[in-house]
Amino acid sequence: MTLENTIRLFAGTFVLASLSLGYWVHNGWFLVTAFVGLNLIQSSFTKWCLAESILKQLVFKTVNITDQGKETVE
């Protein structure tokens, strides 16, 4: 699994888990959903994501598309 797919998996899991906890446990869990959403918006503008930085240290592979359309793994 690539780094990008892992980040999407974590974001989706956190959103679904916090929505469930907010509905069944306490409304405060909805703040986690808002935090994940704001982080996704922020990362689209700044091209920086804390989860990406942490996962890169855990040696996840990233996929780059070259000019010829070939994928290279870093």
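Values in this text are rule-based calculations from the coordinates and carry no lab data. What you are looking at is a predicted structure, and each value in this text was computed from that prediction instead of being measured. All Cβ positions, glycine included, derive from the backbone under ideal geometry; neighbour counts span all protein chains shown.
Here the gap between SER53 and TYR23, fully extended at 0.36 nm per residue and compared with their Cα-Cα distance, gives a gain of 7.7 nm.
Between VAL15 and PHE30, the contour length at 0.36 nm per residue exceeds the Cα-Cα span by 4.5 nm. Each of GLU4 and SER44 was given a label point 7 Å from its Cα along the Cα-to-Cβ line. The distance between the two points is 1.5 nm.
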